[in-house]
Each structure stands twice: as C-alpha cells, then as structure tokens.
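Below is one structure, written out as structure tokens, with a few remarks after it.
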Amino acid sequence: AQTVTQSQPEMSVQEAETVTLSCTYDTSESDYYLFWYKQPPSRQMILVIRQEAYKQQNATENRFSVNFQKAAKSFSLKISDSQLGDAAMYFCAPLSNFGNEKLTFGTGTRLTIIP
Amino acid sequence: NAGVTQTPKFQVLKTGQSMTLQCAQDMNHNSMYWYRQDPGMGLRLIYYSASEGTTDKGEVPNGYNVSRLNKREFSLRLESAAPSQTSVYFCASTEGPNTGELFFGEGSRLTVL
C-alpha cells in the first residue's frame, strides 16, 4: 500500500520569507507523478505543482518549487516570497496505481503566514 | 465553466437515516472519485470510477455505495448513516489515465447525530 508522510502538522513563516514543507512517501513503482495540493479556508482543493518521477529536473511554478529526490522518496515544497494568500493546508499526494489515478494523500501541513 | 459540482453542501442526518451525495462534472472527464476528509487524516479514497460503467473500492468503502450514472455523474449513498461517517466529502474527477491532476468539488459537510 502507498504511504505518505508529512511530518510537519503546522508551519509558520513571516510574510515575504521562504518556507519548505516536507513530504516522504513509499512506492514500489518506478514511474509515477507527485502533486502538492493547497486547501485554503474556502475548503476548495487546488493543485499547486506537479512532478513527473522520470524527470530529473525539479518542477517550478512561479514562487513554488519542489525538491524531488527519487532515491530518498522525498518531495518537498518550497514557497518563496510567502504571501498572505498562501495560508492554507498543503497536501502531498503521490500517484499510485498508475493508470487508475488513485492518489494517496498525506495528512497535511497547515501553513500560517505571519504579517 | 462549473467544473465539479457537489450537492448538498451541508447536511445533518440522524443515525440510521439514508442520503445520497450528488456529483456532476462538465469537463468530459473519464474518471471520478469520492474522498472523505477528517481532521488529522488527510483525504481518504472511498470509491472511484475509472470510466463510465465501472466502480471500484478505495481505502474506506464500508458503509457506502456508489453509482456512476453516466459519464458526468457519480453519486455516493449512505444507506444507514453512522456518527463515524461525520466528515467532509469531496468529489473529484480527472481526464485520466496518466494525467494525474484531480479537479475537486467544493466539498459537502455531513454531520450524523
């Protein structure tokens, strides 16, 4: 079974600073996707960034980037220049059962932005 | 473009009552999912439908049934609600396979007394 660990239940960061959220996972597959989803207080789940496991280059989306270490099964999210709108729960989700699209979610990290 | 629409958004039930959560997507996606979200436990997959006409159990299927009515609609039914089913339920869809990105509804908060 797929397992996902987000070891930081809560994190806080000063506005405009950088914060890194950690995620480790376990999978027996060699080809898969990894995702970070954001859930603001509105409860809507929003895709932040996606990484293909076969790509060595780390994905970036504006202020969001990942540090993907395949051998270590680690997939951390870095948020640069943190903004008040970044306050949310962040979920790491590796894709299991490739082709059946069954995402397994971590337990989440609640990020607070300090003005 | 509505995306994924769930109804109702809030519901209170008594133990033993039944209800159906409705989900519809207008993105012509093949795969649809029902997740539940509980504090400290992330999202857990209840059932999913990889394509029209097929459904499969996820991680926590007990106490639930699903119907993939057509390509657009995927409903979740609680036949005899229990307090342990108090949760926030999310429907999601994806173009699938091999694309990965899920598109979520806004969630339905269900309380079972």
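The values are calculated or read from the model by the stated rules, or taken from the named source; none is laboratory data. Quantities reported herein were computed from a predicted structural model and do not represent experimental measurements. Using ideal geometry, Cβ is built from the backbone for each residue, glycine included, and neighbour counts are taken over all protein chains shown.
A few notes on this one:
- Single residue of B:R44, B:R72, B:R68 found to be under 15 Å from B:T86 (Cβ atoms) and not small (G, A, S): B:R44
- Applying the set (1) more than 28 Å from B:W34 (Cβ to Cβ); (2) among the charged types (D, E, K, R); (3) within 14 Å of chain B (Cβ to nearest Cβ) to A:R43 leaves exactly one unmet item: (1).
- Scanning the stretch A:23-69 for residues that are small (G, A, S) and under 20 Å from A:R110 (Cβ atoms) yields one hit, A:S42.
For (1) crowded, with 20+ Cβ neighbours inside 10 Å; (2) more than 14 Å from every other protein chain (Cβ to nearest Cβ), each residue gets a yes or a no:
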| residue | (1), (2) |
| --- | --- |
| B:D38 | no, no |
| B:M41 | no, no |
| B:I46 | yes, no |
| B:S49 | yes, no |
| B:D56 | no, no |
| B:S67 | no, yes |
| B:L78 | yes, yes |
| B:A82 | no, yes |
| B:Y89 | yes, no |
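Yes/no matrix, rows are residues, columns are (1) touching a Cys at 6+ places or on another chain (Cβ under 6 Å); (2) farther than 16 Å from A:Q39 by Cβ; (3) not aromatic (F, W, Y):
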site: B:F10; (1), (2), (3): no, yes, no
site: B:K14; (1), (2), (3): no, yes, yes
site: B:M19; (1), (2), (3): no, yes, yes
site: B:G58; (1), (2), (3): no, yes, yes
site: B:C91; (1), (2), (3): yes, no, yes
site: B:F103; (1), (2), (3): no, no, no
site: B:L113; (1), (2), (3): no, yes, yes
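- Any chance A:I79 is more than 14 Å from chain B (Cβ to nearest Cβ), surrounded by 13 or more Cβ atoms within 10 Å (Cβ to Cβ) and over 14 Å from the mean Cα position of the chain (by Cα): no
- Only a single criterion out of (1) among the small types (G, A, S); (2) at pLDDT below 95; (3) at negative phi; (4) part of a loop (DSSP other than H, G, I, E, B) is not satisfied by B:A92, namely (4).
- Selection within the stretch B:9-27 - within 19 Å of B:Y47 (Cβ to Cβ) and assigned to a loop (DSSP other than H, G, I, E, B): B:S18
- Hey, A:F68 of a type outside the set (D, E), more than 14 Å from chain B (Cβ to nearest Cβ) and in a strand (DSSP E or B) or not: yes
- Residues in the stretch A:56-76 that are under 17 Å from A:T27 (Cβ atoms) and surrounded by 11 or more Cβ atoms within 10 Å (Cβ to Cβ): A:V66, A:F68, A:Q69, A:K70, A:K73, A:S74, A:F75, A:S76.
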